[in-house]
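**Student:** Here you go, one structure.
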Amino acid sequence: MLKNIEVTQDLLDYIYNHTQPLHPVQKDILIHNKTLGDIQRMQISEIQGHFLQLIIKINNVKNCLEIGTFTGFSTLTMALALPNEGKIITLDHDEKIVHVAKNFFKKGNLENKIETIISPALDTLKKFLQEEKKFDLVFIDADKGNYKNYYELSLNLINEKALIIFDNVLWHGDVFKKTVTDKQTNIMREFNKYIKNDSRVEKVILPLGDGLTICRKV
């Protein structure tokens, strides 16, 4: 029986040393996030960033929607992969943290590709539905309690065969541990079960970073 190898920090360092190098502003964001203490965990991993860039390029994605901006690492990472005419709209309710992200976007000369909206995401998604906006890819990395709501609204905002990608679906590796029963872990378990049973999408969980679920609308 095949067995997955253990992903240690030494192995990750080797992977990053043999992977496409990061953009200088991506490195700046990572350095900044290390000063933030425990909340730096809200940032996606480097390997997740590389994966998102490949997905965008392979699928010729032009219009992205992101729910959850944080300090802008994932936003800027996806914007770098978009074609010149591409655009990403990123949603967050925290004006202070978005201000930090926008400074990085400006530093990377990517303001023409990135639109930030500071507002409760559910309200913005409903507004997009009224405007009949469509996206090629939706990346969701925000409050886990609203993952189902974000998912249902996003299904109506994507083009046929487009992708919805969720972060943190393995929740620090706790989702399979029967002895772990806290609220956030149970929310993630219920969400994973919800996606598993949804015939409207093809889906797979990848053990990258804290776990990515990729849903393809069928």
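The values are calculated or read from the model by the stated rules, or taken from the named source; none is laboratory data. Being a predicted model, the structure only gives us computed values, none of them experimental. Here the Cβ positions follow ideal geometry from the backbone for every residue, glycine too, while neighbour counts run over all protein chains shown. Remember, those area values only see protein heavy atoms, side chains included, never the ligands or the DNA or RNA. Shrake-Rupley method; radii C 1.70, N 1.55, O 1.52, S 1.80 Å.
**Student:** Of all residues in segment 47-73 being assigned to a helix (DSSP H, G or I) and polar (S, T, N, Q), which is surrounded by the fewest Cβ atoms within 10 Å (Cβ to Cβ)?
**Tutor:** For segment 47-73, the residue satisfying everything is GLN53.
**Student:** Within segment 12-32, can one find any residue that is closer than 23 Å to GLY173 by Cα, of a type in the set (D, E, K, R), open to solvent by 20 Å² or more (accessible area, probe 1.4 Å) and free of Cβ contacts under 8 Å to residues at least 12 places away in the same chain?
**Tutor:** The answer is yes; a qualifying residue exists.
**Student:** Hey, can you tell me all the residues within segment 104-121 that are assigned to a helix (DSSP H, G or I) and surrounded by 16 or more Cβ atoms within 10 Å (Cβ to Cβ)?
**Tutor:** PHE104, PHE105, ALA121
**Student:** Has segment 31-48 got any residue that is more than 30 Å from LYS133 (Cα to Cα) and acidic (Asp, Glu)?
**Tutor:** There is at least one residue in segment 31-48 that is more than 30 Å from LYS133 (Cα to Cα) and acidic (Asp, Glu).
**Student:** Right, here's the next one. Checking the conditions here, which among LEU76, LEU80 is open to solvent by 40 Å² or more (accessible area, probe 1.4 Å) and part of a helix (DSSP H, G or I)?
**Tutor:** Details: LEU76 fails: open to solvent by 40 Å² or more (accessible area, probe 1.4 Å).
Of the residues listed, the single one that is open to solvent by 40 Å² or more (accessible area, probe 1.4 Å) and part of a helix (DSSP H, G or I) is LEU80.
**Student:** Continuing with the same structure: Would you mind finding the one in ASP136, ASP167, ASP94, ASP174 that is in contact (Cβ under 8 Å) with a residue 24 or more places away in the chain, at negative phi and surrounded by fewer than 17 Cβ atoms within 10 Å (Cβ to Cβ)? Spell out the reasoning first.
**Tutor:** Values: ASP136 fails: surrounded by fewer than 17 Cβ atoms within 10 Å (Cβ to Cβ); ASP167 fails: surrounded by fewer than 17 Cβ atoms within 10 Å (Cβ to Cβ); ASP174 fails: in contact (Cβ under 8 Å) with a residue 24 or more places away in the chain.
None of the other options fit; the residue is ASP94.
**Student:** Also: Considering only strands (runs of 3 or more DSSP E) fully contained in segment 138-218, which possess at least 1 residues that are under 19 Å from LEU125 (Cα atoms)?
**Tutor:** 158-167, 212-217
**Student:** Does THR124 count as over 25 Å from LYS57 (Cα atoms), modelled with pLDDT of 95 or more, of a type outside the set (A, V, I, L, M, F, W, C) and in a loop (DSSP other than H, G, I, E, B)?
**Tutor:** Considered against the rule, which asks whether it is over 25 Å from LYS57 (Cα atoms), modelled with pLDDT of 95 or more, of a type outside the set (A, V, I, L, M, F, W, C) and in a loop (DSSP other than H, G, I, E, B), THR124 comes out as no.
**Student:** Please go through segment 8-46 and pick out each residue that is in a loop (DSSP other than H, G, I, E, B) and over 21 Å from the mean Cα position of the chain (by Cα).
**Tutor:** Matches in segment 8-46: THR8, HIS18, THR35.
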